[in-house]
Amino acid sequence: MTTAKDKNYFLFLKELVRLEEKEENEEIQSEFLNLSPQERQLRGKALLGLSLREKHFSPAEHSLATFCLKNKKPLPLFTLETGDIVSLYAENRKDSDYPAGTVYEKTKDSITVAFHSALPDWVEKGATHQLHKSLNRATYRRMLEALDAVHQTQNTHLAVFRDISLGLEKPRLETSGGEKIRWFDKTLNASQQKAVSRCLAARDVALVHGPPGTGKTTALIEIIRQSLAERKIIFVTAPSNTACDNLLERLVACGMNALRMGHPARIGEPLREHTLDFKLALHPTARFIVQAERELGRLKIRSEINFKKQEIKNLRKEIFDRVMKEAEVIVGTPASLQDRALREKSFDLLVFDEATQATEPISWIPMTRVKKAVMAGDHFQLPPTVRSKEAEEKGLGVTLFERLYEILGAEFKTLLERQYRMNEKIMGFSSREFYDNKLVADESVRAWTLSTLPGVEKCAATEEPLVFIDTAGKGFEERLEPGSESRYNAEEAGLVLDELKRMLGLGVPPEDIAVISPYSAQVRLLASLSPDPSVEIDSVDGFQGREKELVIVSLVRSNLEGELGFLNDTRRMNVAMTRARRKLIVIGDGATLSSLKFYKDFMKYAEEAGSYHTAWE
């Protein structure tokens, strides 16, 4: 854990941010210089052999272009994602200018990009194009600006946050209050109510520690509703657009007028109507702008033209002011607080979900303009992504949430203890290993199994909630995938597929099943062999925050040296092992896994629960 002693710590963080930016920039440069386009595509950093399907516009007038593969095949399983910044290239053509854009949406066989400017003439049907992932420098710039502000500020709310984070100042409780809370959500359990109460009572900062399935976001929604009742101005954030969309969906379902910041390309299609761009374009007053622009085209006298332009400018400002005023809650990623539309706005409350997936420099961006912060997360699940090994070793992998969790007293942080996702046996190991055995399975999920699902055959395989299948001694050998740095295990994949087919044969619906692996090469192999396309096959990282009735985890590693790679990060395994609701099947080589105490303990837990099996059985 990084120890922060004085405000010069934030200058140190700036150096780590620069290391991270340099690493990402060099990584992209190296890929272009040292990897063929085909290798870049294999690593999910490019798409080749694309044909333009159509050019069109979004309702908010973004210039869009949709591409598909010329061979008519589906897009690769691991490829560019919605929200990625990309550059467009023409195959067999050299240009000095490569149009940049943002991936707007993606289907199984097409990808749509919102371009930042008009497309050149060479982007046409019949030509062959490539898309390559680019560096997003804006977020790095905003992190550095925020850290400068934290370092320099005096006599502000930001200075209070800074000094609390350095242990130089104690957090405070509100002097008023103590009134009995009138709950909007009357289904909250005791630990959720405690979390809400403590967050409302804190004057500066409070934390909600939410292990898997404990209803962390539900508690946050109640905090937001309670704060809105006090007429607070609220900014709600999370480090990923997916997590922001989840919050937005929950807020809209509660009837709140929520405004989503950020490029609509980074936001799920059903929620785009709540974005600033769409609200401005679809506002009833916008029709007057269209009418004024038509009249402008018919005018000849300069004074009339200038008058009409000013009228259009005034109308745009009027619509913007109305949309901003009508919004009860503003939602966006941390960096979006520095969007031009919000730069003059300050907030009473910051609600930061999944704060343990954001590096500390990113976390300080929204802290710069709020009076109070509520942060929620779980530092025993996936950590933030850090590319630079040097920056990670020096502390960039330690989050602001973690540092505050060590500093704050009990009255400013709450562990949510009741979980609503997993059978008790699936939950048990995680509770013991990470949460001091404090998790309690709610009665509604404590004993549920696959056998209680409609249409599923009742037998030992569907009534057993946890299985570990040990492949030790079978000679299942891990291999390095050609052209990538990822590993796969073909024999283990065969066993995974056998288990999958067996469960499908017992009536478990394919859409209720997930197959997860820490290795993208194993995911690609399993997806290519899957007996049913409705079974979701993905990486551990891709399943953070999600769940399925049945989850099969393929651990891949099998070697004489006991090398575990990704598997050494036990937080990643905590995520993998807590995605299942009614049945978890883990498959791996016990001899290799036992080089780490975590897996020894898991195998012992499985044995005690009567859930340990070998691949020889």
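The values are calculated or read from the model by the stated rules, or taken from the named source; none is laboratory data. Everything numeric here is computed off the predicted structure, so don't read it as measured data. Backbone-built Cβ (ideal geometry, glycine too); neighbour counts: all protein chains shown. The protein model used for the area step is the full one, side chains on, heavy atoms only, and it has no ligands, DNA or RNA in it. Shrake-Rupley method; radii C 1.70, N 1.55, O 1.52, S 1.80 Å.
Here the Karplus curve 6.51 cos²θ - 1.76 cosθ + 1.60, taken at θ = phi - 60°, turns the phi angles of region 196-203 into couplings of 4, 4, 5, 5, 6, 7, 6, 8 Hz, with x standing for Gly and Pro. Under 5 Å between amide hydrogens, built in the peptide plane, is the criterion, and for SER110 it picks out LEU75 among residues at least 5 positions away or on other chains. Extension gain for GLU249-SER117 works out to 44.5 nm (0.36 nm per residue, less the C-alpha to C-alpha distance).
Computed over the chain, the per-residue total of -39500 (n - 2.57) for DSSP H runs of n ≥ 4 gives a 222 nm mean residue ellipticity of -11000 deg cm²/dmol, rounded to 500.
What accessible area per residue comes out for region 28-91, rounded to a whole number of Å², with a 1.4 Å probe? List each step's numbers first, then the result.
Numbers: 3120 Å² over 64 residues.
Per-residue value: 49 Å².
Between GLU393 and ALA100, the C-beta separation translates, for a Förster distance of 30 Å, into a calculated FRET efficiency of about 0.35.
Solvent-accessible surface of region 125-244, averaged per residue with a 1.4 angstrom probe and all protein chains in place: 46 square angstrom. Applying 1/(1 + (r/R0)^6) with r as the Cβ-Cβ distance of HIS56 and LYS309 and R0 = 22 angstrom yields a FRET efficiency of 0.20. When only DSSP loop residues count, what GluC sites (Glu not before Pro) in region 520-576 have their Cβ near at most 10 other Cβ atoms within 10 Å? Taking region 520-576 and a limit of 10 other Cβ atoms within 10 Å, the loop GluC sites (Glu not before Pro) found are GLU561. Sorting 295-302, 255-262 by average packing, meaning the other beta carbons within 10 Å per residue, from highest down gives 255-262, 295-302. Once you place label points 7 Å from the Cα toward the Cβ at VAL290 and GLU169, how far apart are they in nm? Going from the VAL290 label point to the GLU169 one covers 5.1 nm. For region 351-363, putting each phi into the Karplus relation 6.51 cos²θ - 1.76 cosθ + 1.60 with θ = phi - 60° gives couplings of 10, 10, 8, 6, 5, 7, 9, 10, 5, 4, x, 5, 5 Hz, in residue order, rounded to whole numbers and with x for Gly and Pro.
Placing pseudo-labels 7 Å out from each Cα toward the beta carbon at GLU411 and SER534 gives an inter-label distance of 5.4 nm. Residue separation of SER197 and GLU607 scaled by 0.36 nm, minus their Cα-Cα distance, works out to 143.5 nm of gained length.
A 1.4 Å probe run over the protein chains yields, for region 275-324, 70 Å² of accessible area per residue, whole-number rounding.
Between LYS345 and ARG479, the simple spin-label model (points 7 angstrom out along Cα→Cβ) gives 5.4 nm. LYS55 contributes about 110 Å² of solvent-accessible surface, heavy atoms of the protein only, 1.4 Å probe.
For region 446-523, the set of trypsin sites (Lys or Arg not before Pro) satisfying both a DSSP loop assignment and a count of at most 15 other C-beta atoms within 10 Å is given as ARG446, LYS458, LYS474. When log10 I(q)/I(0) by the Debye sum over Cα atoms at q = 0.06, 0.11, 0.12 Å⁻¹ is computed from the coordinates, the matching label among (i) -0.43, -1.09, -1.21; (ii) -0.37, -1.01, -1.12; (iii) -0.36, -1.23, -1.43 is (iii). Taking a spot 7 Å from the Cα of MET324 along the direction of its beta carbon, which residues of region 346-373 have an amide N less than 17 Å from it? Backbone N within reach: 346-349, 369-370.
Using 16 Å as the cut-off for backbone N distance, which residues of region 525-539 belong to the label zone defined by a point 7 Å from the Cα of LYS73 along Cα→Cβ? Residues passing the 16 Å test: 525-530.
A protection proxy built from the mean count of other Cβ atoms within 10 Å ranks the segments 42-51, 21-30, 227-236, most packed first, as 42-51, 227-236, 21-30.
For the chain, with all protein chains in place and a probe radius of 1.4 Å, 49% of the accessible heavy-atom surface sits on carbon or sulfur. Placing R0 at 25 angstrom, the Cβ-Cβ distance between GLU269 and THR385 gives a FRET efficiency of 0.50 after rounding to 0.05. Sequence-ordered 3J(HN,Hα) estimates for region 567-584 from the Karplus curve with 6.51, -1.76 and 1.60 and θ = phi - 60° stand at 5, 5, 7, 5, 5, 4, 5, 4, 5, 4, 7, 10, 8, 7, 9, 10, 8, 10 Hz, glycine and proline given as x.
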